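Enquirer: Take a look at this one; I'll ask things after.
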Amino acid sequence: QVQLVESGGGLVQEGNSLRLSCVFSGRTFDNYAVGWFRQTPGKEREFVGAVTTMYNKVYADFVEGRFSISRDNARNTVSLQMNSLKPEDTAVYYCAATAGREYYMAGAYDYWGQGTQVSVSS
């Protein structure tokens, strides 16, 4: 049974940074790509970025170089470094894992964490 546990959310002021972590357990981590999504009330989950099993990274356009994903297979962990945060980045952030090669769609992911709240004040 795959489990994903996010941590690192919180309340920060505009322009500051946060680093989210996602710890994977239950299967062989090397076989899974991990994506980050975010969601605000009343809206669908939005793709933020993903790192593949080969360490390739893809990002949503709105990231604009502010966010960076890293992967540590030795620790079964994926991190999302978020810099220059804006109030519109406020959301619940989720990590998710997929054994497939589709990274942009939430429906492609098999396993999800419980989410961590990120709030950015102006």
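Enquirer: Among the numbered criteria (1) outside any loop (DSSP other than H, G, I, E, B); (2) in contact with a helix residue (DSSP H, G or I) (Cβ under 7 Å, 6 or more places away or on another chain), which one does C22 miss?
Expert: Only one criterion in (1) outside any loop (DSSP other than H, G, I, E, B); (2) in contact with a helix residue (DSSP H, G or I) (Cβ under 7 Å, 6 or more places away or on another chain) is unmet by C22, namely (2).
Enquirer: Pull up the stretch 43-61, narrow it to residues that are closer than 18 Å to N73 by Cβ and touching a helix residue (DSSP H, G or I) at 6+ places or on another chain (Cβ under 8 Å), then point me to the one that is surrounded by the fewest Cβ atoms within 10 Å (Cβ to Cβ).
Expert: By that ranking, first place goes to T53.
Enquirer: Anything in the stretch 20-32 that is within 16 Å of G113 (Cβ to Cβ) and either more than 17 Å from the chain's Cα centre (by Cα) or surrounded by 14 or more Cβ atoms within 10 Å (Cβ to Cβ) (or both)? List them, or say none.
Expert: L20, S21, C22, V23, F24, G26, R27, F29, Y32
Enquirer: Go through the stretch 1-16 and count every residue that is open to solvent by less than 60 Å² (accessible area, probe 1.4 Å) and farther than 14 Å from Y94 by Cα.
Expert: Of the residues in the stretch 1-16, 3 are open to solvent by less than 60 Å² (accessible area, probe 1.4 Å) and farther than 14 Å from Y94 by Cα.
Enquirer: While we're on this one: For the stretch 111-121, give me the residue count where each residue is surrounded by 13 or more Cβ atoms within 10 Å (Cβ to Cβ) and at negative phi.
Expert: Total satisfying the criteria: 7.
Enquirer: For A97, state whether it is under 18 Å from V23 (Cα atoms), among the small types (G, A, S), surrounded by 16 or more Cβ atoms within 10 Å (Cβ to Cβ) and within 14 Å of the chain's Cα centre (by Cα).
Expert: yes
Enquirer: On to the next question. Looking for something modelled with pLDDT of 95 or more and more than 19 Å from D72 (Cβ to Cβ) - is there at least one such residue anywhere in the stretch 20-33?
Expert: no
The values are calculated or read from the model by the stated rules, or taken from the named source; none is laboratory data. Fair warning: this is a prediction, and the values are worked out from it, not measured in the lab. No Cβ is skipped: glycine too gets one built from the backbone with ideal geometry, and neighbour counts run over all protein chains shown. Side chains are part of the model used for accessible areas, which takes the heavy atoms of the whole protein and leaves out ligands, DNA and RNA. Shrake-Rupley method; radii C 1.70, N 1.55, O 1.52, S 1.80 Å.
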